[in-house]
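The values are calculated or read from the model by the stated rules, or taken from the named source; none is laboratory data. The structure displayed is predicted, hence computed values, not measured ones. With ideal geometry, Cβ positions are generated from the backbone for all residues, glycine too; neighbour counts draw on all protein chains shown. Just so you know, the surface numbers come from the protein's heavy atoms only, side chains and all, with ligands and any DNA or RNA stripped out. Shrake-Rupley method; radii C 1.70, N 1.55, O 1.52, S 1.80 Å.
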Amino acid sequence: NGETLRSETKETIDDGSAPWAGAITRILDDWRGALGTAPSAIGLAAPGLAARNARSIAWMPGRMQRLEGLNWTEALGGGVVRVLNDGHAALLGEAWRGAARGARNAVMLTLGTGVGGAAMCDGRLLRGTIGRAGHVGHMSLDPNGPPDITGTPGSLEDAIGNCTLEARSDGRFKDTQEMLAAAQHGDEEAGRIWARSIHVLGAGIVSLINLFDPEIVVLGGGVAKSGEELFGPLRGYVERHEWRPGGHAVKLAPAELGENAGALGAARYAMTFGDDV
């Protein structure tokens with residue numbers, strides 16, 4: 001029912017030896033003993049594109065050595081193990097127990113180092129042919145802009161992600177919260193960069209509304225923790241530009257589950273694999 005019985009956090013060490021696989025196995029062994037039962041299924045969320053059989057991350061170059069292609073059913077000693085992308089998992093979590101609870105049509109954006117996301121239409125999580133669906137950070141908002149890490153010109157991720165903030169601010173800022181604090185203290189250039197970020201994000205959101213016709217757009221990640229400094233001007237932009245047939249307006253809301261969204265979504269995915277999720 002979504003109640004958390006136990007939780008544990010371990011540092012992710014990316015040294016090529018994949019120690020996190022062994023750490024997860026030890027945690028599960030401890031939990032089996034403490035709870036007196038084995039799990040009926042295990043859900044696992046991670047960066048990258050999940051394989052169609054949901055047993056591994058099929059594509060994740062350059063990060064978390066040995067994650068790509070690792071068969072988690074074998075790594076965790078058998079049983080029912082279902083793997084999915086972390087952005088997809090976050091939306092499933094928010095739709096189950098968070099800001100999008102009860103919604104059958106929802107879009108989520110995670111705003112941090114980059115921009116991730118996911119979409120749910122008519123109760124089904126969109127995965128696409130190879131798992132790319134929902135990578136909203138890599139949609140083009142400027143066809144003449146420079147290519148991002150996927151080759152997309154002028155992407156939403158490059159316009160608002162922390163990964164490009166240093167370049168966008170001529171080296172002045174490395175973190176959005178730092179830049180926002182400067183803007184609040186009267187730094188006009190910081191204010192202009194923030195306003196530009198809101199403008200581009202708003203344009204992306206109204207485009208996503210037209211594409212997916214959601215009931216709600218959920219914003220998560222570090223940038224979304226800016227509160228009304230983000231949501232105030234962003235709602236104003238969307239009110240001006242959203243297509244609203246019959247006066248219908250899509251709700252904008254902050255994510256509610258924080259860092260637990262992916263874990264809850266992964267559990268939900270494992271519980272309902274094959275159903276409308």
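Relative to one another, the C-alpha centroids of the stretch 57-84 and the stretch 247-267 are positioned 25 Å apart. Distant-in-sequence amide contacts of Val81, defined by a placed amide H-H separation under 5 Å and a gap of 5 or more residues or a different chain, comprise Ile42. Projecting the Cα positions of Trp72, Ala50, Thr37 onto the charge dipole of the chain (unit charges on Cβ atoms of Lys, Arg, Asp and Glu, taken about the Cα centre) puts Thr37 furthest along the positive direction. With the simple model of a label 7 Å out from the Cα in the direction of the Cβ, His248 to Glu11 spans 5.0 nm. In this structure the amide hydrogen of Gly220, modeled in the peptide plane, comes within under 5 Å of the amide hydrogens of Leu109, Thr110, Leu111, Ala255, none closer than 5 places in sequence on its chain.
Each peptide in 40-47, 261-268, 144-151, 165-172 was scored by the mean count of other Cβ atoms within 10 Å over its residues; highest first, the order is 261-268, 40-47, 165-172, 144-151. Surface exposure of the chain, expressed per residue as accessible area with a 1.4 Å probe, stands at 51 Å². Surface composition of the chain: carbon and sulfur atoms hold 49% of the protein heavy-atom accessible area at a 1.4 Å probe.
Note on the chain: with charges restricted to the Cβ of Lys and Arg (+1) and Asp and Glu (-1), its dipole about the Cα centre is near 740 debye.
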